[in-house]
1. Of the residues that make up the range 120-132, is at least one under 16 Å from V181 (Cβ atoms), part of a strand (DSSP E or B) and either hydroxyl-bearing (S, T, Y) or out of contact with any helix residue (DSSP H, G or I) (no Cβ under 8 Å at 6 or more places or on another chain) (or both)?
2. Taking A227 as the residue in question, decide whether it is surrounded by 21 or more Cβ atoms within 10 Å (Cβ to Cβ) and assigned to a strand (DSSP E or B).
3. Which one is nearest to E147 (Cα to Cα) among residues in the range 79-117 that are hydroxyl-bearing (S, T, Y) and either open to solvent by 90 Å² or more (accessible area, probe 1.4 Å) or touching a residue at least 40 places away in the same chain (Cβ under 8 Å) (or both)?
4. Need the failing condition index for K50 against (1) more than 28 Å from the chain's Cα centre (by Cα); (2) at pLDDT below 85, just the number.
5. For residues that are open to solvent by 30 Å² or more (accessible area, probe 1.4 Å), charged (D, E, K, R) and over 15 Å from A227 (Cβ atoms), tally how many sit in the range 253-283.
6. From the list T245, T211, which one is within 25 Å of A293 (Cβ to Cβ) and β-branched (V, I, T)?
7. State yes or no: is A177 crowded, with 23+ Cβ neighbours inside 10 Å, at pLDDT below 95 and out of contact with any His (no Cβ under 7 Å at 6 or more places or on another chain)?
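The values are calculated or read from the model by the stated rules, or taken from the named source; none is laboratory data. A quick note: this is a predicted structure, and the numbers were derived from the prediction, not measured. We place every Cβ from the backbone using ideal geometry, glycine too, and count neighbours over all the protein chains shown. Surface areas here come from the heavy atoms of the whole protein model, side chains and all, with no ligands, DNA or RNA. Shrake-Rupley method; radii C 1.70, N 1.55, O 1.52, S 1.80 Å.
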Amino acid sequence: MNIRHTLLLIVLLLLAAWSVAGGEDAKPTNVQTKKKIAEYIAADEAGREKLSAYFKGLPPLAKKDCAKWLAEIQNAAAAQLKKAVQKALGKDDETFAKAGVFNVEAAGAKMKYFFRTGGKRGANGYPLYINLHGGGDSAEVNESAWETAKGQYSVSGSLIVPRSTQDVALSWAVPEAWPLVDRLLYESFLLRDVDPDSVYLMGYSMGGWGTLLMAPAMADRWAACAASAGGEHVQRAFPENLRNTPIIIQIGTDDNAFQRYALSKAYADKLKELKAADPDGYKYEYKEHKGAAHQIDDSGNPKWLAQYTRDTYPKKIVWR
């Protein structure tokens, strides 16, 4: 069970209308419950199963108490995470929320990434841009592409550039990539003051492939996405999931290696078909660069992305 599911479970258990054995006199104090929340987050799966009985025994919460308890849960999770960061970075832990190269761990894997913050803070935190680097099937090529991706776009807000965990042509399709990115988001929300409704995914070349695949796979995470000079099979990517997630796709008309142009166009055609059947959803833009091969000017992508915020509670969801 990941931490996102853990937090949701605690909230649901706190909200459950269970009676308290022994009457009102047996009701735990706020201090006791806060302590149990911290214990629950720090425990392993077996420990959490035992502690869940405590939350099931609580009386139902009034609406006014829900926000307070959610804050307590988030604070407990943030405190636990901060201890882990301090242990890993020692005296350099303050750089974690500013800039540097760090590691994230999830799903039994570790991923290196570059982070820096900047720009204007929004009302609910900083916007975050995640740029998936291009590359190929060698460490040398991917390392160079990762370095390039750090300064590839001008963004106002925080920037994360993950370094692919495997040096293969489809680096962003390897099994550990998505849980690692999800963990990156979790850490950034709790310790880097990132706005969960202003997270943007983008990528060029191999990163464009990764964006077209990861965007619908984690569509509920993104405010909007941008894929350039890539391509992905619609049968594998499931564009249907992008019903509430705007996306821009850019491709050169002569970018024919690995079927990049044909696949990008087919992806856009699928979105056009979905839009026709569901006009209220599927905001997308498809831009062809006439006569261009693999090098195109997509420098405007961050500005395009920034116009959107995540639809946190969409009226309709399509999920495949």
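1. Yes; the residues of the range 120-132 include at least one that is under 16 Å from V181 (Cβ atoms), part of a strand (DSSP E or B) and either hydroxyl-bearing (S, T, Y) or out of contact with any helix residue (DSSP H, G or I) (no Cβ under 8 Å at 6 or more places or on another chain) (or both).
2. Working: surrounded by 21 or more Cβ atoms within 10 Å (Cβ to Cβ): yes; assigned to a strand (DSSP E or B): yes.
It is true that A227 is surrounded by 21 or more Cβ atoms within 10 Å (Cβ to Cβ) and assigned to a strand (DSSP E or B).
3. Step by step, filter the range 79-117, then rank; the result is Y113.
4. With respect to (1) more than 28 Å from the chain's Cα centre (by Cα); (2) at pLDDT below 85, K50 is out only on (2).
5. 5
6. T211
7. So A177 passes the test.
Table: residues versus (1) assigned to a loop (DSSP other than H, G, I, E, B); (2) over 24 Å from W178 (Cβ atoms); (3) at pLDDT 95 or above.
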{"position": "Q235", "(1), (2), (3)": "no, no, no"}
{"position": "L242", "(1), (2), (3)": "no, no, yes"}
{"position": "I249", "(1), (2), (3)": "no, no, yes"}
{"position": "S264", "(1), (2), (3)": "no, no, yes"}
{"position": "K272", "(1), (2), (3)": "no, yes, yes"}
{"position": "E288", "(1), (2), (3)": "no, yes, yes"}
{"position": "I296", "(1), (2), (3)": "yes, yes, yes"}
